[in-house]
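Input: a single structure, listed below in structure tokens.
Coordinate-derived values only; no laboratory data. Quantities reported herein were computed from a predicted structural model and do not represent experimental measurements. Positions of Cβ are backbone-derived with ideal geometry, glycine not excepted, and every protein chain shown enters the neighbour counts.
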Amino acid sequence: MVAHKVVQVATKPYDDQKPGTSGLRKRVSVFQSKPHYTENFIQATLGCLSPSEREGCTLLVGGDGRFYMGIAIQLIVRMAAANGVGHLVIGQNGIFSTPAVSCTIRKRKAIGGIILTASHNPGGPNGDFGIKYNTANGGPAPENVTGKIFELSKSLQTYNICPDISVDLSTIGQQSFTIENKDKPFIVEIVDSVLDYTDMLKNIFDFNAIKLLLSGPHAIKVRLDAMHGVMGPYVKRVLCHELGAPETSAVNGIPKEDFGGHHPDPNLTYAADLVASMSSGEYGFGAAFDGDGDRNMILGHKAFFVNPSDSVAVIAANLGSIPYFQSTGVHGLARSMPTSGALDRVAASENIALYETPTGWKFFGNLMDAGKLSLCGEESFGTGSDHIREKDGLWAVLAWLSIMASRKQSVEEIMKDHWAKYGRNFFTRYDYEEVDAAPANEMMKAIESMLQDSSFHGKTFEAEGKAYTVQKGDNFEYTDPVDGSVTKKQGLRIIFTDGSRVIFRLSGTGSAGATIRIYIDSYEKDPSKIHQDPQVMLAPLVSIALKISQLRERTGRNAPTVIT
Ligand code: G16
């Protein structure tokens, strides 16, 4: 067999390859048209591993099926071969959901994985593409690793490639290549990426109990919307084949390069089709996933909406319905800072430790690796546990179905019982997408200097007949209890004396301009008020947030793009 040549190609470094909240995300055109842009980032990522680590290691590769993924996978194969990686495991046709990558990294004891996704951002030639690196624990690379990738990317002069290798992504099995000056062959293994993940779920949940709920004599009808992202094959295998739900339960199940022209973002705005079909009352349970399958939105009968901050709290209060937690025990709960305090109430009542982390799943991973955390969630439609190191959309769906099966209640009944017991954290998030970066940054600066002014503390704001007095305002800072690392500037918080919070933060996952997020959280325990519309309950705090930030005046935006 002829050995494949390793070629060193000269390149010029870029200064904009700093990974965001979860990897490098840019417009497809940036990856396509800037010379060697993709190759540079892959080289910087592989460069994080020492030559001895690369040799003989197993690295996973796959993504959410979006446009440009196939090209990027072939580049990764050629460059992994040239950089001395021993073994690649790639999902068939490139398909690998983010949670499944995390699962298989852990199962195979791989050194890490490269995930080709821009998550919930739109795809297609005019959409976004992304490259994300996960480490050996199965989680998103921590800041010391993404920092190293960024540093390498800024000084890169060459990259290594075996230009004439190309792999058949459609056939399951091993392909072997001889590389010049290497003793051992370079192995590419194409796998059914749904398999390990399905086996894992079987060991976490009581499949028989869920089966009875979905296909027994009193079966409920479910509708799971994969939004033409990666989740179609996973939903079909797990929900339909294993758990007996009819095939019609899975909609938009064929991964498409442009997600059918939609945002693969499971929220009330972008998953409006699901909301509309659930409203008819035909289904007892519905869910949508994002492009790469880590986010989820849960809906009950007649499109009853479960806020993600409530979702994790409900799961925490019902861990007895999930066999996994019976065997592992519950070590701790966690939420990201902007997520509502609903989880805190369960933690306090059950006497379980609660951690408040910055936005980004990587912060949970550290706590999980140290055995301090079992269940966590974020307001950004992410829920998960220490079974892997990523949030997990289908896991959240099975968690809810398990709770419904054991409590024999609907989604709405479960939620209302929860509020009756713990009180309700009313929560809303306003997103202003693709705002010009300059006014967005100026707005954040102005709010921050306001918070630093001592006269701001103790100030009372009034709107729509309600008054709130500032108790504390800061830019959230986190000290990791495991390694002591400090992460600064994670969101501007205004906390009022009644515990209500208004938070301003710029998204770390956008690809153009800035996305401003305003998060509002306010607790109510009066049983006569807990069923009100959050938009009505929170309207005074929304007005106060807009007044403090001068958002409309500064950005020219009169309304948010998305309200959750
Ligand atoms: C990523 C992270 C999440 C985080 C989210 C925040 O999600 O994995 O942990 O909550 O970003 O997004 P933003 O910075 O836009 O608020 P994903 O699903 O995009 O990978």
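The table that follows gives values for the structure above.
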{"item": "SER543 versus ASP369: modelled label distance in nm, points set 7 Å from Cα along the beta carbon direction", "result": "4.8 nm"}
{"item": "DSSP bridge orientation in the chain - percent antiparallel, rounded to nearest 5", "result": "70 percent"}
{"item": "Backbone N within segment 500-523 under 20 Å of label point (7 Å from ALA437 Cα along the Cβ vector)", "result": "505-518"}
{"item": "Reachable lysines from LYS182, criterion Cα separation under 22 angstrom, eight or more residues apart if same chain", "result": "LYS5"}
{"item": "Acute angle (nearest 10 degrees) that the helix 37-46 long axis makes with the longest principal axis of the chain, alpha-carbon atoms", "result": "90 degrees"}
{"item": "For peptides 106-118, 391-403, 507-519, sequence by mean Cβ density within 10 Å, most packed first", "result": "391-403, 106-118, 507-519"}
{"item": "Relative packing of peptides 37-46, 160-169 - highest average C-beta neighbours within 10 Å first", "result": "37-46, 160-169"}
{"item": "Modelled label reach - VAL9, point 7 Å along Cα→Cβ, segment 59-78 residues with backbone N closer than 18 Å", "result": "68-78"}
{"item": "Shape category assigned to the chain from the gyration tensor of Cα positions, a/c cut at 1.5", "result": "oblate"}
{"item": "MRE, 222 nm, helices only [DSSP H, n ≥ 4, -39500 (n - 2.57), over the chain, to nearest 500]", "result": "-9500 deg cm²/dmol"}
{"item": "Spin-label model distance (nm) - THR178 vs SER449, 7 Å beyond Cα toward Cβ", "result": "6.8 nm"}
{"item": "Between helix 411-422 and the chain: long-axis angle, C-alpha atoms, 0 to 90°, nearest 10", "result": "60 degrees"}
{"item": "Principal-axis tilt of helix 69-82 within the chain, Cα atoms, nearest 10 degrees", "result": "50 degrees"}
{"item": "Rounded Å value of the spacing that divides the Cα centres of segment 138-183 and segment 221-246", "result": "32 Å"}
{"item": "Partners for LYS421 among aspartates and glutamates (Cα-Cα distance below 16 Å; same-chain residues under 8 apart left out)", "result": "ASP310, ASP344, GLU350, GLU412, GLU413, GLU524, ASP526"}
{"item": "Net lengthening on full extension, ALA272/GLN532 (0.36 nm per residue, minus Cα-Cα)", "result": "91.4 nm"}
{"item": "Members of LYS489/LYS547; LYS109/LYS132; LYS221/LYS256; LYS416/LYS488; LYS107/LYS132; LYS488/LYS529 lying beyond 28 Å, as alpha-carbon distances in this model show", "result": "LYS416/LYS488; LYS488/LYS529"}
